[in-house]
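Engineer: Questions regarding the structure given below will be posed in turn.
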Amino acid sequence: MLFEISIDKPSEEKGGVKFISNSGHLVSFSNSLFNELNVLGIDKKTFAEIVIDFLNEDTKYYSTYIKPISKVEECKYYSRIFEFWITSSLTSKQMFAVITNYDEISEVLLVDPQIFTYAAEKLLHYASTKECMKFSMPFIYKFVVFETFNIFKRKFNANMQKIVGKDKEKFLIAKNIEDNALIWKIESPRFSYVSNYEEIKVGG
């Protein structure tokens, strides 16, 4: 299930979704990327233009704002993170899309995996202003989980990190003295931030 967008280059995937962008480019989406965007309520032409602008900027990351994405988590504040490929006649790039719901808008951040720490710092800075924030992925990107935990430990002065639970209900937890915590159910494609760890049930 490769998430891929091709710009001005025919996609190798049979089927897929093909169209002309608002700026006149031939765009092809893999079915999996198209379906992911549909679930989030992001218009395919909007996402295509974001990718085209990113390529024109020729940077390691690019962000812009769109209307609020569809609610996919029980917490009001959440971020959807997925890996995808951009291919064109000139380049092929592996990227992460970090799509975050704010109160009245959503941010689409495209970031090179080499500087994912930038995205993790931005996410945690925002999360720290809320009571909770959920992070979800279509697959288990352990790289994303561990990078985010590492940033949390460093930036939030975590004084505890441990694994709790047993069998298939094990959780990795990092917490600081203010009881801000990151919680990951091991082998799950989701993790979360809470502002008061003592008030929640890990297994709930």
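The values are calculated or read from the model by the stated rules, or taken from the named source; none is laboratory data. Not measured: the values here are computed from a predicted model. Neighbour counts are summed over all protein chains in view; Cβ atoms, including those assigned to glycine, are modelled from backbone coordinates with ideal geometry. When the accessible area is computed, the model is the full protein with side chains, heavy atoms only, and any ligands, DNA or RNA have been set aside. Shrake-Rupley method; radii C 1.70, N 1.55, O 1.52, S 1.80 Å.
Engineer: Only one of (1) within 23 Å of Lys76 (Cβ to Cβ); (2) in a strand (DSSP E or B); (3) open to solvent by 40 Å² or more (accessible area, probe 1.4 Å) fails for Lys130. Which number is that?
Structural biologist: (2)
Engineer: Looking at Ile86, Ile5, Ile69, Ile52 in this structure, which one is in a loop (DSSP other than H, G, I, E, B), of a type outside the set (Asp, Glu) and open to solvent by less than 40 Å² (accessible area, probe 1.4 Å)?
Structural biologist: It is Ile69.
Engineer: Identify, from the list Lys60, Lys44, Lys18, the residue that is more than 26 Å from Lys142 (Cβ to Cβ), among the charged types (D, E, K, R) and in contact with a helix residue (DSSP H, G or I) (Cβ under 9 Å, 6 or more places away or on another chain).
Structural biologist: Lys44
Engineer: Pull up region 148-167, narrow it to residues that are within 22 Å of Ala97 (Cβ to Cβ) and open to solvent by less than 40 Å² (accessible area, probe 1.4 Å), then point me to the one that is nearest to the chain's Cα centre (by Cα).
Structural biologist: Thr148
Engineer: Still on this structure, please answer the following. Pull out all pairs, ordered by first then second residue, where Cβ-Cβ is under 7 Å, the residues are six or more apart or on different chains, the first lies in region 38-51 and is free of Cβ contacts under 8 Å to residues at least 12 places away in the same chain, and the second is surrounded by fewer than 14 Cβ atoms within 10 Å (Cβ to Cβ) and not in a helix (DSSP H, G or I).
Structural biologist: Short answer, once both residue conditions are applied: none.
Engineer: Quick one: which residue in Val108, Val145 is in a helix (DSSP H, G or I), out of contact with any Lys or Arg (no Cβ under 8 Å at 6 or more places or on another chain) and either open to solvent by less than 40 Å² (accessible area, probe 1.4 Å) or in contact (Cβ under 8 Å) with a residue 24 or more places away in the chain (or both)?
Structural biologist: Criteria check complete, one pass: Val145.
Engineer: Taking the criterion of being over 30 Å from Leu33 (Cβ atoms) and not aromatic (Phe, Trp, Tyr), would at least one residue in region 134-147 satisfy it?
Structural biologist: Checking region 134-147: not a single residue is over 30 Å from Leu33 (Cβ atoms) and not aromatic (Phe, Trp, Tyr).
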